[in-house]
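Where a number appears in this text, it was derived from the coordinates with a stated rule and is not lab data. Just so you know, these numbers come straight off a predicted model, no measurement behind them. Note: ideal-geometry Cβ built from the backbone for every residue, glycine included; neighbour counts use all protein chains shown.
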Amino acid sequence: MSGKAKNKALNRDSLAYRLLNFKEMSAVVPIVVLLIIGIVINPNFMNKANWWAILRTSSFMGIVAIPVAFLLMTKSMDLSVGQVVASSSVIFAIMCCKMNIPVPAAFVIIILFGALIGFINGFLIVDVGIPSFLVTLSMQFVLLGIATQLVEGVSVTGFPKWFQNIGAWKLFDFITVEMLAFLAVGIIGHFFLTKTVSGHQLLMIGTNDKTAELCGMKVKNIRRTAHILTSMLAALTAVLFSARTGQATSGTGGEWDMQLMIAAMIGGTSNYGGRGSIIGAMLGIIYMRILLNVLIMVGLAGDWQYVGMGISMIFAIVFDYWRTRVTMTQVR
Amino acid sequence: MKEDYILEMKNITKRFGNFTALENMNISVKRGEIHAICGENGAGKSTLMKVLHGYYPYGTYEGEIYVDGQLLRSANTADSQKTGIAMVYQEINCLSTLTVSENIFSSKMLYNRIGLVDYKAMHKECEKVFQSIGLDIDPRTLMGKLNTSQQQLVMFAKAVREDAGIIILDEPTSSITKIEVNNMMEVVRKLQKDGITFLYISHKMDEIFALADRCTVIRDGKSIDTVSREDFDLGKIISMMVGRDIGAVYPKHTPKIGAEKLRVENLTIPHKRVKGRNVVDNVSFMLKTGEILGFAGMVGAGRSEICNGIYGSLKCTSGKFFIDGKEVAINNVRDAMSNGISLLTEDRHESGLFLQDKTVKNNLTASILPRLRQGMFLSKQKAAAASNKMMGELQIRAESVESRVTSLSGGNQQKVVLGRSLLAQPNILLLDEPTRGVDVGTKNQIYHLIYNLADAGISIIVISSELPELLNICDRFLVIAEGTIKGEMSRDEASEETIMQYAVQ
């Protein structure tokens, strides 16, 4: 901290401090802001169909955002998740539609495929010691090549009717399979992180892996598992996505990698490792989908959406930076 | 007669929010003297030096600093450097990927006629400066290849080349060996003869006594008193530092040594990068119940590596371990822990603490988390109970177990790391530099603790680079050099001289 910076000290017991001290606050505040904007500009914003769409797309990405948050907490990252989704959906579709492999068998195979990719990533990063950035970026290209080569630009269709019915199924005329999956992964992830010994160890490993090793933690195991889990859940999302759309293209999941990481960071997960929140990551991804929704309503179509998304993400991240500084300087 | 003061600090007060780090500090430094500043950790030594060096600019503190009678108004560290104040930090902050001469000229490179960096001239000038202070280092070597002591001396050379009149040394001996300390002191004395004034910050009394002309004791942000060389007295200065009489620095202890606890046979650990070289070479020894065994030797002699080998954190190519006469397999840290071995690492920032937002509780319980389970989940109550107990036992000064560990002073941080080792309830405790960077008061507490543990039947190995400390607390000594045991001696046989003889053999 520079000597000149005026240090407006917040009282630790004050309501403002306690509110700001929530990791998830950096996702909650922008969501509230967006909600207000949405309600003001469009009366249809709050209707059920709109929210169903928002939550549904959030769920697909959210299932992967949760393990990505875990990866960030261990000071790692995965730039290949998007292409794991793409290649899994393509391979899954080819198995089901062209090779006539029964869907349940194809499902198992594709989840194992995800696990294999995750294992390769994890092995190269954890055991060989290559930076995660390089490993997963290379893996991204490998998978991108596979996915595009296999379908050659066309979409694969022809899933069995019962499988597509799963994608169309609704509980209370609102809740879908992927929403349930998102919620389940989120709840398990949250309790794992906050309540279990391994969850605590994961955060400690992210803070200082050398010390963690000397404390008898299974550092390599936990870090490798996080990578395997990430790719497995990416494969799961691919299957759910196919069930919903009834087809598979190589474009699915294309730009997810960065968006997932940013969502996790907006939700209070530190990209320096050792700190994070699963609820925050879930809110972060929901924020990004609401944002897209609002941008479309404002009339920012096409590529302008990217500009809007980028700017608002910067705001969200600056808010998080400011929040951490205000709450962290208290200790001095 | 008016004294010739090169530096006068008058009524310096520095506040951080509500916290007063320095209060009415008054220090006068005579031209050409070596002026020691001693105080416990957290007494305000570092803050004072940062004020002097311009890290905290003029105006952010109260009071005045006069250099050569001129009021110092530094806006940044570069301003202070211009007035001739140079600082060599405790953690040497050099650019390790650049060469020695690039480091010396890092603030202003030399350029040739067409504006390119003139390496030849820089190397030449470097050699000149090195010669003048008796340093034999090639200016073309990479800074990172030098050891800590050499880097430190290069930083001296840098200060000399920049025509510094005052050089501040912040705990210069905290990570170098005894011989290197002597070497450094010689350079300091030589430079003093050339008219350079030194501010020597340390809490090692033997160094201050050996080197300083005068010594200012500071405590709780206040300057207590300045003592001249004639009046140096260990007990007096220490009691000024801690503000109370702590009795003898090294408490009395009668060892209660039992049967053999741990036996190590033919431990060999290969060098990480150099093939065919061993950092620990065929080492065998044993440790008895309730015994405090000291590993003496130089930094880099292989002492830490032996401990890490026993703890399973370094892979060994050969080695058998026997605990209570039975052979045990130690292939990783978890094996060692389940056999009741615990290690305190030498570098608490690098491999001892979990920093960032981690709390005292997080740090204390880190190695016993699996034991704090309640059903599937981690029990908050058990974790809090365990850490509160340890916090009380070790008198860790923190607001609560939920305080961030970064907000603690060095001594208390060390107690936290120690507390973590103790929570694992070890039978064999490996202490690698247990008092590094810790003030006298805390040292005393740690010595008492070590004795109590030994009395409770725990076998302890202590590594320390401070020989007097080692000589005073251990029951038996192994002198280690070049990865092998060069000598073994009992408490009665051991002295600094005998140990050094073996160590440099």
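Mean sequence separation of contacting Cα pairs (under 8 Å, at least six apart), scaled by the length of chain B, corresponds to a relative contact order of 15 percent.
Taken about its Cα centre, the range B:386-432 carries a charge dipole of about 20 debye when Lys and Arg each add +1 at the Cβ and Asp and Glu each add -1 at the Cβ.
When chain A is treated as a Gaussian network with alpha carbon springs shorter than 10 Å, the biggest mean-square fluctuation among A:Val126, A:Val219, A:Val40 belongs to A:Val40. Between A:Phe182, A:Phe174, A:Phe92, the residue with the greatest mean-square fluctuation in the GNM of chain A (Cα pairs under 10 Å linked by springs) is A:Phe174.
Could you pull out every one of the aspartates and glutamates with an alpha carbon less than 18 Å from that of B:Lys108, ignoring same-chain neighbours closer than 8 positions? Result set, ordered by chain and number: B:Asp79, B:Asp118, B:Glu125, B:Glu127, B:Glu162, B:Asp163.
Only DSSP H runs of four or more residues enter the estimate; each adds -39500 (n - 2.57), and after division by the residues of chain A the mean residue ellipticity at 222 nm equals -23000 deg cm²/dmol.
For chain B, a simple Cβ point-charge model (Lys and Arg +1, Asp and Glu -1, everything else neutral) yields a dipole of about 1520 debye relative to the Cα centre.
Taking other residues whose beta carbon is less than 15 angstrom from the beta carbon of A:Val126, and scoring Lys, Arg as +1 and Asp, Glu as -1, yields +2. Close amide H partners of B:Ile269, meaning residues 5 or more places away or on another chain with modelled amide H under 5 Å apart, are B:Val279, B:Val280, B:Asp281, B:Asn282, B:Thr317.
The residue list B:Asn282, B:Phe105, B:Val242 was ranked by how far each Cα lies along the charge dipole of chain B toward its positive end, using unit charges on Cβ atoms, and B:Asn282 comes out on top. The phi-based Karplus calculation (6.51 cos²θ - 1.76 cosθ + 1.60; θ = phi - 60°) puts the 3J(HN,Hα) values of the range A:235-240 at 5, 4, 4, 4, 5, 4 Hz, whole numbers, x for Gly and Pro.
The peptide list B:157-165, A:149-157, put in order of mean Cβ contacts within 10 Å with the highest first, becomes B:157-165, A:149-157. Label sites at A:Leu292 and B:Arg397, each approximated as a point 7 angstrom past Cα along Cα to Cβ, lie 5.6 nm apart. For B:Ala36, the amide hydrogen comes within under 5 Å of the amide hydrogens of B:Tyr200, B:Asp213, B:Arg214, B:Cys215, B:Thr216, counting only partners 5 or more places away or on other chains and with H modelled in the peptide plane.
Taking a spot 7 Å from the Cα of A:Ile317 along the direction of its beta carbon, which residues of the range A:245-263 have an amide N less than 16 Å from it? Under 16 Å, as judged by backbone N against the label point of A:Ile317, lie A:256-263 of the range A:245-263.
The protection proxy used here, the mean number of other Cβ atoms lying within 10 Å of each residue, ranks peptides A:273-283, A:130-140 as follows, highest first: A:273-283, A:130-140. Rounded to the nearest 500, the helix-only mean residue ellipticity at 222 nm of chain B stands at -9000 deg cm²/dmol, with each DSSP H run of n ≥ 4 adding -39,500 (n - 2.57). Peptide A:187-196 shows a mean partner chain C-beta count of 2 within 10 Å per residue C-beta.
In this structure, the amide hydrogen of A:Arg275, modeled 1.01 Å from its nitrogen in the peptide plane, lies closer than 5 angstrom to those of A:Ser270, counting only residues at least 5 positions away or on a different chain. Along the range A:208-218 the Karplus relation, 6.51 cos²θ - 1.76 cosθ + 1.60 evaluated at θ = phi - 60°, assigns HN-Hα couplings of 7, 6, 5, 4, 4, 4, 6, 8, x, 7, 7 Hz to successive residues, with x for each Gly and Pro.
For B:Lys30, the lysines whose Cα falls under 27 Å of its own Cα, not counting residues fewer than eight places away in the same chain, are B:Lys2, B:Lys10, B:Lys14, B:Lys45, B:Lys50, B:Lys82, B:Lys158, B:Lys190, B:Lys193, B:Lys204, B:Lys222, B:Lys236. For the range A:15-331, the relative contact order is 36 percent, taking Cα pairs closer than 8 Å that sit 6 or more residues apart in sequence and dividing their mean separation by the residue count. Counting Cβ atoms of other protein chains within 10 Å of each Cβ in A:200-212 and taking the mean gives 6. Working from label points 7 Å from Cα in the Cα-to-Cβ sense, the B:Gln131 to A:Thr245 distance is 7.5 nm. In a simple Cβ point-charge model (Lys, Arg +1; Asp, Glu -1; nothing else charged), the range B:78-236 has a dipole of about 460 debye relative to its Cα centre. Based on alpha carbons, the Rg and Dmax found for the protein assembly as shown are 31.3, 105 Å. On a 0 to 90° scale, report how tilted helix A:25-41 is relative to the longest principal axis of chain A, with both axes built from alpha carbons and the result rounded to the nearest 10. The helix A:25-41 is inclined about 70 degrees to chain A.
Once C-alpha pairs closer than 8 Å and six or more residues apart are averaged by separation and normalised to the residue number of the range B:352-425, the relative contact order reads 47 percent. Inter-chain Cβ neighbour count for B:369-378, averaged per residue, equals 4 (cutoff 10 Å, partner chain atoms only).
Of all lysines in the structure, the ones whose alpha carbon falls short of 21 Å from that of B:Lys261, not counting any fewer than 8 places away in one chain, are B:Lys288, B:Lys320, B:Lys326. Got a sec? Charge dipole of the protein assembly as shown, +1 on Cβ for Lys and Arg, -1 for Asp and Glu; which of B:Val360, A:Ile262, B:Leu211 is way out at the positive end? Ranked along the dipole, the leading option is A:Ile262. Ordering B:Gly309, A:Met288, B:Met9 by the projection of their Cα atoms onto the charge dipole of the protein assembly as shown, which places +1 on the Cβ of Lys and Arg and -1 on the Cβ of Asp and Glu, puts A:Met288 at the extreme positive end. Using θ = phi - 60° in the Karplus curve 6.51 cos²θ - 1.76 cosθ + 1.60, the 3J(HN,Hα) couplings for the range B:465-473 round to 8, 8, 4, x, 4, 4, 4, 7, 9 Hz; x is entered for Gly and Pro.
Loop only by DSSP, 11 or fewer other Cβ within 10 Å of the Cβ. Give me the trypsin sites (Lys or Arg not before Pro) in the range B:82-121 that pass, ordered by residue number.
Taking the range B:82-121 and a limit of 11 other Cβ atoms within 10 Å, the loop trypsin sites (Lys or Arg not before Pro) found are B:Lys108, B:Arg113.
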